[in-house]
Amino acid sequence: MSQKIQSIRGMNDLLPADAGVWQHLQSVAAEVFGGYGYRELRVPVVERTELFRRAVGEVTDVVEKEMYTFDDRGGENLSLRPELTAGIVRAGIEHGLLYNQQQRVWSCGPVFRYERPQAGRYRQFHQLDVEAFGLAGPDVDIEMIAIAARLWQRLGVSGFVLQINSLGTPESRTQYRAALTDYLRSHEHALDEDSKRRLGSNPLRVLDSKVPATRAIVAAAPNILDHLDAESALHFAALKRGLDALGIAFEVNPRLVRGLDYYTRTVFEWTTDQLGAQDAVCAGGRYDGLVAHLGGAPTPGIGFAIGMERLIALIGLQQAVVPEHGPQVYFCRFGAQAEAAAAALAEQLRDQLPSLRLLLNAGGGKLGAQLKRADACGARYALILGDDEAATQTVQVKSLRGEGEPVSIGWPELSQHLAQRVGMSA
RNA sequence: GUGGGCGUAGCUCAGUUGGUUAGAGCUCCGGAUUGUGAUUCCGGAGGUCGUGGGUUCGAGUCCCAUCGUCCACCCCA
């Protein structure tokens, strides 16, 4: 027997039983984003490694140890995308979408990070991503957060905490970073090893350490919000007012920093206490310097990403309503003449009711066995066409869910009858 | 990258201190009912016990390695 080939660790198949939630999430998301005037933009899964190094940041964990990087046959150094923003910005610059104009776009697809898998964390996972360019004011920041809030509401999920913070401008952050480093150095002996290492490379990251001893020190550390430049402070105040005005609850968390280097001013994160350790479902922020950093004209930008696997886990946990997507009607057929007639009739029904989900029995079998399949696939109705029905040009319509006795319907009336039963317009 | 739990049928799991042909429920297929499912009854199919070594007269059971999976650290969506 040959060796069984398994899927790559941390990369999952999406099986038919779970496909319904994904389709639902994608269609609701497209509708919500479209409702704010955002249009879809798709970018390749593979880009030059250099793009991610520059966009995400050299010293971030994502770039340092989590990227799938390889040389292609032409010697080009490429990487599977670890996030969507970098590619979107690259595409925007390349096609002139960001030159002196406003753009609102969304994207969706797989991203890759080489991490140890666990609940809510996979090596191939999927993000929904929303980005706006050319808009510097806090009004778009508010819009971003409102979009996410509306998506939660439309999906019927709740229990999130929204945390917001401001990282200021690169200049104000440099000042704050110096003040923070001074403070942490004076307590260096009590910090954990990871934090000591970060002191030199990325001291802001010490702020969200989970080590209790470090947390105690961080609690008394200088507050980034006290070190904002005047304009960033006004921006942040306007954001808070705007969220209040929309009735969106939030918490200010001055220790909220992001793992990617490109953020400026507003950062935010929606978390939940229902998913274990991987509790961030949606995170994002403003990145006013990124477009210029990647070679475009200076253009402000802001965006967020949603972890689809995590959001879908929440939909499952909270038993949010997901529309049925399996067959509604199962067509039973037997006898040579009847089988051919049923095939033609099924095609005709699909002409007349394009949204009807009709499964035509194949592979023969006795009527009893066919009805068993009909029941098992979750269909609401069975159509029965044997030689008796073929002779009279009728079909028996039988409810499988206790909605009355079977009725006999003539072929010409069938589509209208079904449309009524299933609740769709003919 | 670090630490711990777990790998027996398609699924969920039993399997006594190592001892003949490895079990159950669900699912699937067939029959009881030669044209009526979801209930019941009967029958059948389905497993190199994750993989590779080792100990032993004998390994699903013990040892080692390896892969996978789950949870946490870490990281982040």
Within the range A:353-363, which residues are open to solvent by 20 Å² or more (accessible area, probe 1.4 Å), closer than 16 Å to A:Phe334 by Cβ and not in a strand (DSSP E or B)? A:Ala362, A:Gly363
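Results for (1) under 18 Å from the mean Cα position of the chain (by Cα); (2) under 25 Å from A:Arg9 (Cα atoms); (3) among the aromatic types (Phe, Trp, Tyr), shown as yes or no for each residue.
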{"site": "A:Arg121", "(1), (2), (3)": "yes, yes, no"}
{"site": "A:Ala132", "(1), (2), (3)": "yes, no, no"}
{"site": "A:Asp139", "(1), (2), (3)": "no, no, no"}
{"site": "A:Asn165", "(1), (2), (3)": "no, no, no"}
Among the residues of the range A:416-426, are any open to solvent by less than 50 Å² (accessible area, probe 1.4 Å), among the aliphatic types (A, V, I, L, M) and free of Cβ contacts under 8 Å to residues at least 40 places away in the same chain? no
Could you list all residues from the range A:396-426 that are over 44 Å from the mean Cα position of the chain (by Cα) and closer than 23 Å to A:Gly364 by Cβ? A:Trp411
From A:Gln118, A:Gln124, grab the single residue that is within 13 Å of RNA strand B (Cβ to nearest atom), farther than 21 Å from A:Gly284 by Cα, touching a residue at least 12 places away in the same chain (Cβ under 8 Å) and not hydroxyl-bearing (Ser, Thr, Tyr). A:Gln118
For the range A:10-26, does any single residue satisfy the condition of being open to solvent by less than 30 Å² (accessible area, probe 1.4 Å), free of Cβ contacts under 8 Å to residues at least 60 places away in the same chain and either in the same structural domain as A:Val130 (by TED's automatic domain parsing) or under 15 Å from the mean Cα position of the chain (by Cα) (or both)? no
In the range A:245-264, what residues are aliphatic (A, V, I, L, M) and within 9 Å of RNA strand B (Cβ to nearest atom)? A:Val257, A:Leu260
Would you check if A:Leu151 is among the aliphatic types (A, V, I, L, M), in a helix (DSSP H, G or I) and out of contact with any strand residue (DSSP E or B) (no Cβ under 9 Å at 6 or more places or on another chain)? no
Failed item in (1) in the same structural domain as A:Leu311 (by TED's automatic domain parsing); (2) open to solvent by 40 Å² or more (accessible area, probe 1.4 Å); (3) of a type in the set (Lys, Arg), with A:Arg123 passing the rest: (2)
For A:Ser186, indicate whether it is small (Gly, Ala, Ser), in contact with a Lys or Arg (Cβ under 6 Å, 6 or more places away or on another chain) and either more than 30 Å from A:Met308 (Cβ to Cβ) or open to solvent by less than 20 Å² (accessible area, probe 1.4 Å) (or both). no
Scanning the range A:374-415 residue by residue, those in contact with a strand residue (DSSP E or B) (Cβ under 9 Å, 6 or more places away or on another chain), of a type outside the set (Phe, Trp, Tyr), assigned to a helix (DSSP H, G or I) and more than 10 Å from RNA strand B (Cβ to nearest atom) turn out to be A:Leu414
Take the range A:160-174 and flag every residue that is surrounded by 16 or more Cβ atoms within 10 Å (Cβ to Cβ), among the polar types (S, T, N, Q) and part of a helix (DSSP H, G or I). A:Ser172
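Here are some residues: A:Glu31, A:Glu64. Which one is assigned by TED's automatic domain parsing to the domain that holds A:Gly156, among the acidic types (Asp, Glu) and modelled with pLDDT of 95 or more?
A:Glu31
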Within 27 Å of A:Asp194 (Cα to Cα) and within 21 Å of the chain's Cα centre (by Cα): which single residue out of A:Glu31, A:Glu66 fits that description? A:Glu66
Hits in the range A:323-351 (condition: surrounded by fewer than 18 Cβ atoms within 10 Å (Cβ to Cβ) and farther than 17 Å from A:Thr394 by Cβ): A:Pro323, A:Glu324, A:His325, A:Gly326, A:Ala336, A:Glu347, A:Arg350, A:Asp351
Tell me which residues, restricted to the range A:197-207, are surrounded by 15 or more Cβ atoms within 10 Å (Cβ to Cβ) and part of a helix (DSSP H, G or I). A:Arg198, A:Leu199, A:Pro203, A:Leu204, A:Arg205, A:Val206, A:Leu207
Residue list for the range A:102-111, restricted to those being open to solvent by less than 20 Å² (accessible area, probe 1.4 Å) and either in contact with a helix residue (DSSP H, G or I) (Cβ under 7 Å, 6 or more places away or on another chain) or more than 9 Å from RNA strand B (Cβ to nearest atom) (or both): A:Val105, A:Ser107, A:Gly109
Looking at the structure I just gave you, is A:Gly296 open to solvent by less than 40 Å² (accessible area, probe 1.4 Å), near RNA strand B (Cβ under 10 Å from one of its atoms) and out of contact with any strand residue (DSSP E or B) (no Cβ under 8 Å at 6 or more places or on another chain)? no
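The values are calculated or read from the model by the stated rules, or taken from the named source; none is laboratory data. Since the model is a prediction, treat every value here as computed from it, not as a measurement. For neighbour counting, all protein chains shown are included, and Cβ atoms are generated from backbone atoms with ideal geometry for every residue, glycine included. Accessible surface areas use protein heavy atoms only, side chains included; no ligands, DNA or RNA. Shrake-Rupley method; radii C 1.70, N 1.55, O 1.52, S 1.80 Å.
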